[in-house]
Amino acid sequence: MKKAVRVIQILMAGKLNFVLSWTVLLSSNAARVARHNTTRAAGSVSHMFTFGAPHPSNPMLTTKSGGCFNGYRVIAWDDDMFVDDEDIVPTLLVASSYNHPNVRTLPVVNEGNGVFTTWSCGNNPFRITNVKVSLHDKGGYMRNMARLESSYWRAKEASAVGLMNSYEGNLGTVRSNVGAEGWNLVGTSTSGEDVSHLIQDPGSLRCILTFEGSDTFGDFIADAKVFRVPFCGLPQWVHTGFKNELLRMVDSSSWQSNVRSKLGKCSSVDVVGHSLGGATATLFAACVDFQNGSDEYKKMSWSVESPRRMSQV
């Protein structure tokens, strides 16, 4: 009888060890799959910073969940005694029923701490102002942004690193400019007269992706193409000129190999653009957020990898 009980105990112990071994193996495989799925998740834009950007869509662009993009839509402002002045470009498409994206707005001035006011996500209040071309200047935006307090550190870096170099095609100049801010130029692409740069902070491994604004006759022609078209499978319709400008860049072989291929190595990606570049940055952010597998999305999407410090170009 004792021998039979002993045999049963041995069999039960063996079965328990077998079950435990399989449990450990399955848990290990599950953990490995989970890690793989985590590291290969689809990338998205962390923060969006646009400076003097026009309205890009109708209705308002939102995140896929219908929420607010992180970041700011920045407008240059002049606080006058009677009627305030503001940058003309963000006001131009009001009559065409276009909308600004669902992001906080930051009107900035060249006095005090630089902040005139802030508007909540998607809020573009009715106002009576004088619109001025002179307030659209990139340098003016940078002067105003430099006044901001440290609580706006991410927006200030978007200006000092991204906006500063968003039009610059000389790579030596870009390397020098971003190096002075402690960043590295790690990717760049040229399409026609336009440039797009990928810039990385070697400490946090965070990246800023820039899109160039209007500076040629061709860009102003793109700005003038105001009819709306579908884009990236989004529920909104977008400005055809801004869509074409973005696709011209991301379609280029240099952007695919020198910029897109590196996005996954960033710990996060912020997008920055001034004027037309702000509109294209907005369309880029909206497209990659929806992650819907459209043809346009496939040209801009990336998979998240383990962040790493990239070599300077």
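Figures for the structure shown
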{"quantity": "Residue pairs, from the table Lys64/Lys265; Lys156/Lys262; Lys156/Lys243; Lys265/Lys298, whose Cα atoms sit over 21 Å apart", "calculated": "Lys64/Lys265; Lys156/Lys262; Lys156/Lys243"}
{"quantity": "From phi via Karplus (6.51, -1.76, 1.60), per-residue ³J(HN,Hα) for the range 120-128 in Hz, x at Gly/Pro", "calculated": "5, 3, x, 8, 10, x, 5, 7, 10"}
{"quantity": "Three-way shape label, the range 67-150, alpha-carbon gyration tensor, a/c 1.5", "calculated": "oblate"}
{"quantity": "Label point 7 Å beyond Cα of Arg127 along Cβ direction - residues of the range 58-83 with amide nitrogen under 12 Å", "calculated": "74-80, 83"}
{"quantity": "Most to least packed among 132-142, 270-280 [average Cβ atoms within 10 Å]", "calculated": "270-280, 132-142"}
{"quantity": "Net charge dipole size for the range 90-227 [Lys, Arg +1 and Asp, Glu -1 on Cβ; Debye, nearest 20]", "calculated": "440 debye"}
{"quantity": "In Hz, Karplus ³J(HN,Hα) per residue of the range 83-88 (6.51, -1.76, 1.60; θ = phi - 60°; x = Gly, Pro)", "calculated": "10, 5, 10, 9, 3, 5"}
{"quantity": "Gyration tensor (alpha-carbon) shape descriptor, the range 229-274, a/c threshold 1.5", "calculated": "prolate"}
{"quantity": "Among Val178, Ser253, Leu276 the positive-end extreme of the charge dipole of the range 161-303 (Cβ point charges)", "calculated": "Ser253"}
{"quantity": "Gain upon complete extension [Ser134, Thr240; 0.36 nm per residue less C-alpha separation]", "calculated": "35.5 nm"}
{"quantity": "Rough spin-label spacing in nm, given labels placed 7 Å along Cα→Cβ, for Cys68 and Glu193", "calculated": "3.7 nm"}
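Values in this text are rule-based calculations from the coordinates and carry no lab data. Everything quoted here is computed from the prediction, not taken from an experiment. As a convention, Cβ positions derive from the backbone with ideal geometry for all residues, glycine included, and neighbour counts pool all protein chains shown.
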